[in-house]
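Taking it in order: structure first as C-alpha cells, then the write-up.
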Amino acid sequence: DWTDGASPTFILVIGGLGYIGSHTVLELLREGYNVCIVDNLGNSFDSVLINIKTLIARHCREKGSSVPLIHFHRLDYRSRSMRFLLDSYSDVVRIKDASGKQRLTYRSRIAGVIHFAAYKSVAESITEPLRYYQNNVCGLVTLLQRLNHYGIHNFIFSSSATVYGAMASAGLPLREDNLLHQPEEIVDEEVAARQPSGPMGLTCPYARSKYFAEAILADTAAANPAWRIVALRYFNPVGCDPSGLLGENPRAEATNLYPVIAQVLTGTRPRLDVFGSDWSTRDGTAVRDFVHVLDVARGHISALAWNAAQKPAKSGIGRFRAFNLGSGSGTTVLEAVQSLEAAAGRSIPLNLTGRRPGDVGFCVASSERAQKELGWFPRESVGQCAKDLWNYLQRERGMA
Ligand code: NAD
Ligand code: WQD
C-alpha cells in the first residue's frame, strides 16, 4: 500500500513533464498516488505542471476524493542535488539485523521510481553521441547507485522498440525474448533459432544507449536480490489525454511522424514527406505499432504493482524483466495519415520520397507478455489517437 502509514509515500517520476512522463504522472495521480517529479525542463515546459494540476483537481472534484500530493523539483537528475533530494525523502530508522544487533538505516518515502529522462532524437544521437551516452547511460548508473544507497529498488525504465534493431524487419511481431541480457532469462528455442539475441543491427547511438541501459539494469538486478526492475519497451506512443490539455509539445525539432503531421495540420509545415513507398507492405509505406500514450501510461502503473509483488527469482538474484508496450497491430504511415485526415476533416498534403536512413519497414509488438504477466491491455484505437491529437491541437494551439 503506497499511501498509508505515518508519512506519505511518493512515486518519483524523473522526466515527468515530458510527453510520456506527463501522461503517466496524471494517471498516477488519478490512481491516488502521491507524485514527486524531477525534470530540468530541457525538453518540456512548466506550464505542463499547471495543466496536470488543473486536470487532477477537476478529476478529484468529480470523484469527491482528496487531491494527492504533487511535488516538483526543477533539477538535472544527474546533479549532486539529487542526493539531497533523495535524502529529504528518507527517514532514518532503527532496525535489528540478522544477528539481532540494532543498527540505523534509511527508510525511503519513495516507493517506486519511473525513469523517463533521456535524449531521444535518432539524428542528434549520431552527431552528439557522447552527450547522449552521458544522459542516457552514465546518468542512469549514477542514479542506480544513489537509489541503492537509500534502499529504493522498485525501478521502471523507459526502453524502446529500437533495442530490437534490425530484428524488426523480419516482418514478425517482436517478442521480448528476441533480445535477452542474462542467460537465465527463459529462451523460447523456436524464437531463439529464428532471431539471434544481442545488439544486432542497432542503427544509432540512441538505440545503443537504450540497449546498454537495459544490459546495465539486468546486471544490476542479477547482483542484488533487492532490485525489482522493469524495462518497458515502448513502440510508437501517440495521441494524448482527451481533455486536450496535455500533449506532445517538445522544445526540440519534431521528427517523429505524428508531431510532423501535427505541424502540417496547424500550418507550420506545408506537407508531410513520406519516407519510403516501396516497402513490401500493403500500401508500400512502413508499418508501425502506434499505441495510445494513455495506454502506455497505464502500463507503468501495472509495472509498479508487478514489481512490488515480485519475490526474488532465486537466492541472491533480483528481478529484471522487459515488457513490450505496443498495441500488437500494425498501421501503415498512409493509414495513420488517413485516420488524422478523418479526425481533422482536412486533407494532409503528401510528398512521397525516399526511405529515411536506418528505418525499418515493419516494427510491431507482440503484447502477449504484458497481457499475461502485467494484466495490461491496450484499450485505445489509432482512430482515438487521431481524435485526441486533433482535439489537443484545436484547444492548445488555438486551431479553428
Ligand atoms: P520527452 O523529451 O518528451 O521527455 C523527457 C523529459 O525528460 C523531458 O521533460 C526532459 O526535459 C527531461 N529530461 C531529459 N534529460 C533530463 C535530465 N538530465 N534531468 C532531468 N530531466 C531531464 O520524451 P518522451 O517522448 O516523453 O520519452 C520519455 C522516455 O521514453 C525517453 O527515455 C525516451 O527515450 C523513451 N521513449 C520514447 C518514445 C517516443 O516515441 N516518445 C519511444 C520509445 C522510448
Ligand atoms: C514512423 C514512420 C518514418 C516522419 C522512432 C525511434 C524509436 C522511438 C519512436 C524513441 C517511419 C515515417 C516519419 C516523417 C515519415 N523513439 N515518417 N515522415 O522511426 O518508428 O521510431 O520514434 O525511442 O526509437 O526510432 O518513429 O515516428 O519517426 O517514424 O514518413 O516526417 O513514419 O519513416 O516509417 P520510428 P517515427
In this structure, does D273 turn out to be outside any loop (DSSP other than H, G, I, E, B), away from ligand 1 (no atom under 16 Å from the Cβ) and not basic (K, R)? yes
Residue that is among the acidic types (D, E) and either within 20 Å of the chain's Cα centre (by Cα) or modelled with pLDDT of 95 or more (or both), where the choices are E396, E335: E335
For P259, the lone unmet condition from (1) farther than 22 Å from G15 by Cα; (2) free of Cβ contacts under 8 Å to residues at least 24 places away in the same chain; (3) within 14 Å of ligand 1 (Cβ to nearest atom) is (1)
Flag if L147 is out of contact with any helix residue (DSSP H, G or I) (no Cβ under 6 Å at 6 or more places or on another chain), near ligand 1 (Cβ under 10 Å from one of its atoms) and in a helix (DSSP H, G or I): no
Mind telling me which of the residues G239, G276 ends up being more than 9 Å from ligand 2 (Cβ to nearest atom) and touching an Asp or Glu at 6+ places or on another chain (Cβ under 7 Å)? G239
Within the range 232-242, does at least one residue satisfy the condition of being free of Cβ contacts under 8 Å to residues at least 60 places away in the same chain, farther than 24 Å from F275 by Cα and surrounded by fewer than 20 Cβ atoms within 10 Å (Cβ to Cβ)? no
Wholly within the range 289-400, strands (runs of 3 or more DSSP E) carrying at least 3 residues that are of a type outside the set (F, W, Y): 319-325, 350-353
Could you list, ordered by first residue, the pairs with Cβ atoms under 6 Å in which the first is in the range 38-65 and surrounded by 15 or more Cβ atoms within 10 Å (Cβ to Cβ) and the second is of a type in the set (S, T, N, Q), at least 6 apart or interchain? V48/S22; L55/S243
Taking the range 77-129 on its own, how many of its residues are closer than 30 Å to P250 by Cα, open to solvent by 40 Å² or more (accessible area, probe 1.4 Å) and in a loop (DSSP other than H, G, I, E, B)? 5
Scan of the range 32-57 for residues that are farther than 9 Å from P68 by Cα and part of a loop (DSSP other than H, G, I, E, B), ordered by number: N40, L41, G42, N43, S44, F45, D46
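The values are calculated or read from the model by the stated rules, or taken from the named source; none is laboratory data. From a predicted model like this one, the values you see are computed outputs, not experimental measurements. Cβ atoms come from the backbone with ideal geometry, glycine included; neighbour counts cover every protein chain shown. Each accessible area value is taken on the protein alone, full model and side chains, heavy atoms only, with ligands, DNA and RNA left out. Shrake-Rupley method; radii C 1.70, N 1.55, O 1.52, S 1.80 Å.
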